[in-house]
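Here's the structure, in structure tokens; my notes come after.
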């Protein structure tokens with residue numbers, strides 16, 4: 001386990017350490033002159049050619065023997081210098097580096113502080129092109145014997161802390177093909193250099209998919225239960241011994257919870273999207289080590305959102321093993337529970353905020369924006385829309401911008417309808433491509449239905465409006481495992497108003513309406529219909545919308561008495577759809593013309609069945625009176641009673657006749673008259689293969 005780094009002191013302590021290095025290098029130069037004599041160092045062409053004397057002198061040494069005599073106080077002096085530097089000592093403690101390895105770090109960073117060290121290193125290496133220390137120079141300076149040099153070569157292996165944590169990079173000599181280890185240059189990682197020189201910034205290799213912030217949100221500000229808040233406090237108190245935390249994020253709270261944990265621990269928050277890193281074809285293990293090291297240097301907590309999606313890809317990497325090398329809290333999050341994390345991480349479920357928590361959050365955010373709403377209005381917003389805190393923030397920000405644009409005044413107050421519109425805009429993104437969004441145009445005044453049917457539809461709307469009161473405040477939610485939403489079956493022949501009724505409900509509840517054509521969902525392949533339905537209901541969970549399943553005859557029409565396996569499977573498809581409607585916590589409507597094809601066992605799973613009868617003459621008379629907009633020029637001689645008596649069609653057909661007559665009259669430059677209506681009625685009958693004479 002690696003301990004987190006603390007904020008470092010100003011870099012003047014590093015300069016003190018370099019003064020100690022200067023004395024070591026001075027001693028090395030003196031010994032080099034003793035070993036080689038002064039002639040090589042005064043030769044202006046030294047390093048550009050090799051003399052026979054040099055070769056014979058090299059052959060006179062033992063294999064592996066350092067050309068510099070033993071300097072026993074090197075490591076002791078460097079160790080003392082490191083202890084005087086807060087930055088260096090913190091680096092040593094965090095990555096558990098030895099005195100030998102810290103001496104390497106100090107020698108590697110020297111040219112980054114002062115270029116004179118390039119000349120000194122070139123001088124000691126007898127080569128003007130070698131301006132950075134090589135492995136050979138390091139071993140010659142720090143090892144007393146050839147045996148020591150062989151033993152210390154492991155400090156440059158891939159398993160050593162310097163290389164494994166990316167503190168030091170070995171750069172091969174560009175003038176050689178496959179040079180030996182001794183000919184490799186040492187280059188301190190740029191981010192380590194920035195840390196030691198007190199110029200902190202986010203590592204450029206992480207910037208395309210990372211964000212470093214200083215969170216200001218407290219645990220108590222989160223829309224979570226008191227028990228969950230207390231759990232987070234307890235976790236922060238034992239952060240040094242925690243396994244990775246996995247936030248099962250069902251309520252869009254992971255970013256805020258990770259921020260609150262960082263705030264509670266007085267740390268920054270480093271959020272890294274490894275899915276983006278994977279798409280950029282980066283080495284995930286290298287990036288993971290880099291970000292963990294960055295978190296140590298930035299005194300930050302790591303947050304890896306969307307890790308469940310990454311674990312589903314073909315990108316295997318040792319996630320938990322690498323995280324385990326670093327101490328502190330590591331937060332992973334996702335919307336599903338990855339099997340790979342079972343027993344390996346501590347899972348915390350973050351549910352979508354309930355009614356009371358959303359209500360409190362709406363009130364708090366509206367108050368911060370200076371918006372005063374009646375408690376009932378806040379209740380309606382919390383009851384109709386199950387939004388994440390982020391969605392609530394965006395909705396309020398949107399409505400404030402729109403209010404200012406409409407009324408350019410700092411005190412512009414949004415209207416209630418604007419808040420509902422902004423809330424709806426935050427939902428339904430998951431349903432795009434799976435369902436068609438309908439824009440409701442009808443209200444209660446446009447509907448012509450029997451009084452009992454009318455009342456039944458209004459009862460359904462009241463169910464939705466007072467859902468939080470009954471399920472929450474009155475406790476019914478604790479007694480219901482299923483059926484917390486509203487599932488309805490609309491039965492009636494085509495044109496009797498099923499789709500219009502769904503639009504009226506959407507208008508009354510101020511919710512979006514999505515139409516799903518079941519004829520496009522049903523598949524001839526076994527199991528595909530259920531998969532299609534599952535995708536729709538999964539996407540609808542956060543849509544806060546009414547689901548209108550039209551053309552249900554495509555499903556119910558397949559059902560009959562069970563005579564073979566296909567009949568049995570058709571029943572399974574119907575049962576699966578009704579099961580998903582029962583589990584859905586929103587409003588779902590199923591429209592069918594074949595009420596008689598549904599078993600009583602299926603019917604018991606539907607909360608409300610609304611019959612849409614074929615309109616009688618009185619109903620048709622009312623439909624003719626309301627079908628024309630008030631702007632339409634009508635001939636005074638139109639006999640609505642005659643039309644209601646003779647044209648025995650449903651409301652949808654009557655609407656088609658009125659529209660066709662209006663176009664006919666407009667093209668002739670006339671008012672809509674009986675002539676236009678009767679001709680349009682004749683066309684409507686012809687569409688269904690029937691003849692009609694007025």
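The values are calculated or read from the model by the stated rules, or taken from the named source; none is laboratory data. These numbers come from a predicted model, not from an experiment. Positions of Cβ are generated from backbone atoms using ideal geometry, with glycine treated the same way; all protein chains shown enter the neighbour counts.
At a glance:
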{"read-out": "Subset of the stretch 635-653 (residues that are assigned to a loop (DSSP other than H, G, I, E, B) and farther than 13 Å from residue 672 by Cα)", "value": "647, 648, 649, 650"}
{"read-out": "Single residue of the stretch 654-687 satisfying the filter (outside any helix (DSSP H, G or I) and out of contact with any strand residue (DSSP E or B) (no Cβ under 9 Å at 6 or more places or on another chain)) that is surrounded by the most Cβ atoms within 10 Å (Cβ to Cβ)", "value": "670"}
{"read-out": "Residue satisfying condition, being more than 50 Å from the chain's Cα centre (by Cα), modelled with pLDDT of 90 or more and in a loop (DSSP other than H, G, I, E, B), within set 691, 632", "value": "632"}
{"read-out": "Subset of the stretch 226-248 [in contact with a helix residue (DSSP H, G or I) (Cβ under 8 Å, 6 or more places away or on another chain) and under 21 Å from residue 387 (Cβ atoms)]", "value": "229, 247"}
{"read-out": "Extreme residue, surrounded by the fewest Cβ atoms within 10 Å (Cβ to Cβ), among residues of the stretch 316-357 that are under 30 Å from residue 465 (Cβ atoms), touching a helix residue (DSSP H, G or I) at 6+ places or on another chain (Cβ under 7 Å) and modelled with pLDDT of 85 or more", "value": "335"}
{"read-out": "Residue count, the stretch 141-174 (criterion: out of contact with any helix residue (DSSP H, G or I) (no Cβ under 7 Å at 6 or more places or on another chain) and either under 26 Å from residue 23 (Cβ atoms) or not assigned by TED's automatic domain parsing to the domain that holds residue 29 (or both))", "value": "5"}
{"read-out": "Qualifying residue in the stretch 363-381 (condition: exposed (fewer than 15 other Cβ atoms within 10 Å of the Cβ) and within 25 Å of the chain's Cα centre (by Cα))", "value": "yes"}
{"read-out": "Neighbours by Cβ (under 8 Å, 6+ apart or cross-chain): first from the stretch 600-623, under 11 Å from residue 496 (Cα atoms); second buried (at least 17 other Cβ atoms within 10 Å of the Cβ) and modelled with pLDDT under 85", "value": "none"}
{"read-out": "Residue that is farthest from residue 94 (Cα to Cα), among those in the stretch 134-171 that are surrounded by fewer than 18 Cβ atoms within 10 Å (Cβ to Cβ), touching a residue at least 12 places away in the same chain (Cβ under 8 Å) and touching a strand residue (DSSP E or B) at 6+ places or on another chain (Cβ under 8 Å)", "value": "171"}
{"read-out": "Number of the condition not met by residue 191 [criteria: (1) in contact (Cβ under 8 Å) with a residue 12 or more places away in the chain; (2) loosely packed, with under 13 Cβ neighbours inside 10 Å; (3) under 31 Å from the mean Cα position of the chain (by Cα)]", "value": "(2)"}
{"read-out": "Hey, residue 245 surrounded by fewer than 24 Cβ atoms within 10 Å (Cβ to Cβ) and under 18 Å from residue 323 (Cα atoms) or not", "value": "yes"}
